[in-house]
Amino acid sequence: MRALLTSISFLTVAPVAPRTPLREGDLGRAAVCFPLVGLLLGLALAAVDHGARMLWDPYVASALVIGAALLVTGGLHLDGFLDTADALASRRDREGMLAVMRDARIGALGAAAGTALLLAKLAAYGHLGGHDHWRTIAAVPVLGRLGIVLAAAVFPTARPGGLGARFASEAGLRHLLGAALLAAAIAFGLLQWTGLMLATAAIAGSALLGWWLSRRFGGLTGDAYGAINEAIELAVLLMAGASLNR
């Protein structure tokens, strides 16, 4: 239960953090629960979508789903995506890009990348059809959070110190294995073999994107974890939408 509460407090704005301070190993154990937190978020978003589609068209529902996700997470992962996009667009050396990522201000190219991401998600959610499309909505945050665990467990940190670096130091391969098995089980339960295909694609995509970002930055940061989450969520949405609407 402590691991689940820690993961919820780490990934959302819900005030459910354990009463005692974090102990050594808490973040690693919490990483295993990341897909479960993704499922809780996904089911909540599916409920928002269901209620909204009873009143409005799918694209209004899509906008409300995206807004609800940002509200629950505090925009944590989107902020990481924007900072990462700004850093990559700066064309500086590694230290320069890391400095850009630390800057709280969002540049024009980062804002453009974020706008493109949100528009793509709006279209992808709105395009989902079929009476079981809620299963896809529920699965998307599960696989996005698995991407975070993979990135933290496999790749080095580019910025020692801070909560992100501590998370990376505690999340090991055994935690990744636990999270991957949990995510695969959830994906299969929701979407059967399509879910396993999407889980496999999420793992491969996270590994590839993590490798590329790690080469550019000399390791990964908390912002990079957020960027990977957002990219994997969009990729899963697009792949699932293509499968559901064939």
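Read-outs throughout are calculated quantities, based only on the coordinates presented, and are distinct from any laboratory measurement. Predicted model, so just to flag it, every value in this text is computed and none were measured. Here the Cβ is made from the backbone with ideal geometry for all residues, glycine too, and neighbour counts use every protein chain on show.
Each Cα pair under 8 Å and six or more residues apart adds its separation to the average, and for the chain the resulting relative contact order is 27 percent. Looking at segment 25-94, the chymotrypsin sites (Phe, Trp or Tyr not before Pro) that sit in a DSSP loop and have at most 16 other Cβ atoms within 10 Å of their own Cβ are W56. Summing +1 for each Lys or Arg and -1 for each Asp or Glu, what net charge is found among the other residues whose Cβ lies under 14 Å from the Cβ of A120? Around A120, the surrounding residues sum to -1.
The label point for A99 and the one for V60, both projected 7 Å from the Cα toward the Cβ, are 4.9 nm apart.
Taking every DSSP helix (H) stretch of at least 4 residues in the chain, weighting each as -39,500 (n - 2.57) and dividing the sum by the residue count yields a mean residue ellipticity at 222 nm of -27000 deg cm²/dmol. Taking amide H as placed 1.01 Å from N in the peptide plane, L220 has its amide H under 5 Å from the amide H of T157, A158, each at least 5 places away in sequence or on another chain.
Work out the charge dipole of the chain with +1 on the Cβ of Lys and Arg and -1 on the Cβ of Asp and Glu about the Cα centre, then indicate which of L36, G144, G219 is farthest towards its positive end. So the residue furthest toward the plus end is G219. Neighbours of H175 by Cβ distance under 15 Å: Lys/Arg scored +1, Asp/Glu scored -1, total +2.
Segment 190-246 and segment 49-103 have their alpha-carbon centroids 15 Å apart.
Its Kirkwood hydrodynamic radius, worked out from the mean inverse distance over all distinct Cα pairs, puts segment 30-244 at 17.2 Å.
Computed over neighbours whose Cβ is under 14 Å from that of R105, the net charge equals -4, Lys and Arg +1, Asp and Glu -1. In this rough spin-label picture, where each label sits 7 Å from Cα along the Cβ direction, the A185-T200 distance is 2.1 nm.
Among T6, T115, T200, T221, sorting on how many other beta-carbon atoms sit within 10 Å of each Cβ, with the fewest leading, yields T115, T200, T6, T221. Relative protection proxy for 171-180, 101-110, 147-156, 231-240, from highest mean packing down: 147-156, 231-240, 171-180, 101-110 (other beta-carbon atoms within 10 angstrom).
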